Ligand code: SF4
């Protein structure tokens, strides 16, 4: 874990986040998690996207949202804001509730991370918030939304913006549903309309606007 000294004037945000990623990649705290750690890399950004946990393809391909859910997610931003996937990856910091693949359930599908694993990984997220001081946070899926809002029901939070605090940072949180093909929520009403409203809120957010104007 990085122990931050934010008074260290000569230490840049870039070097802090680079050191953070190096330490994160070496993390082996969770016995049942299947490495390697998946990271989007040291992107200096005022926007943080928080996913749930990688699937089995992401550790192999070496980046978050690298497979079918990612295609859907990046398609949303391309359509709503004209932001292509590679630009998204270069401009927005991609975090997650857990950074390692949890493995499969015996009944099929990916195992949901345990409370202990979520707690283990939360310190990485807190350090990222302390370093980057985000203005906009986009949690994707109920597990990610639950780290920021007490009520993660999709129909009560998607399409809305919340003022939220983590690691002494205050920021806007605009939740998105998980783009997994396993859930039809975002393809049927009211999910379809609420998703469009959420993407509109993100596209008009000042941090997102300044990002796409540079
Ligand atoms: S899930 Fe997080 S805390 Fe657990 S081993 Fe992976 S990076 Fe470390």
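Helical content of the chain, expressed as a calculated mean residue ellipticity at 222 nm, amounts to -12000 deg cm²/dmol (DSSP H runs of 4 or more residues, -39,500 (n - 2.57) each, divided by residue number, nearest 500). Just checking the listed ones, 71, 105, 46: in the Gaussian network model of the chain with Cα springs under 10 Å, the one fluctuating most is 105. Counting 0.36 nm for each residue step from residue 44 to residue 115 and taking away their Cα separation leaves a gain of 22.7 nm.
With an a/c value of 1.5 or above and a/b not larger than b/c for the gyration tensor axes a ≥ b ≥ c computed over the alpha-carbon atoms, the range 49-152 is described as oblate. Taking the range 188-214 and a reference point 7 angstrom along Cα→Cβ of residue 86, the backbone N atoms nearer than 20 Å belong to 211-214. Shown here are the Rg and Dmax of the Cα trace of the range 112-186, at 12.7, 36 Å.
When the Gaussian network model of the chain links Cα atoms closer than 10 Å, the mean-square fluctuations of 135, 117, 189 top out at 189. Within the range 13-213, antiparallel bridges make up roughly 40 percent of the DSSP beta bridges whose residues both belong there. Distance from the C-alpha centroid of the range 115-149 to that of the range 29-105: 13 Å, rounded to the whole angstrom.
If a spin label sat at a point 7 angstrom from the Cα of residue 204 along the line to its beta carbon, the backbone N atoms of the range 154-177 nearer than 12 Å would be those of 160-161. Here the extension length gained between residue 68 and residue 165 equals 31.8 nm, from 0.36 nm per residue of separation less the Cα-Cα distance.
Both radii are taken from the alpha-carbon atoms of the range 65-214; with Rh as the Kirkwood radius, Rg/Rh is 0.94. For the chain, relative contact order (Cα pairs under 8 Å, six or more residues apart, normalised by length) works out to 22 percent.
For residue 196 and residue 25, compute 0.36 nm times the residue count separating them, minus their Cα-Cα distance, and round to one decimal in nm.
58.1 nm
The label-point distance for residue 156 and residue 107, in a model that sets each label 7 Å from Cα toward Cβ, rounds to 2.5 nm. Who wins for biggest fluctuation among 96, 130, 198 in a Gaussian network model of the chain, springs between alpha carbons below 10 Å? Maximum among the listed residues: 130.
Where a number appears in this text, it was derived from the coordinates with a stated rule and is not lab data. Just so it is clear, the structure is predicted and the values come from calculations on it, not from any experiment. Cβ coordinates were reconstructed from backbone atoms using ideal geometry, including for glycine residues, and neighbour counts include every protein chain displayed.
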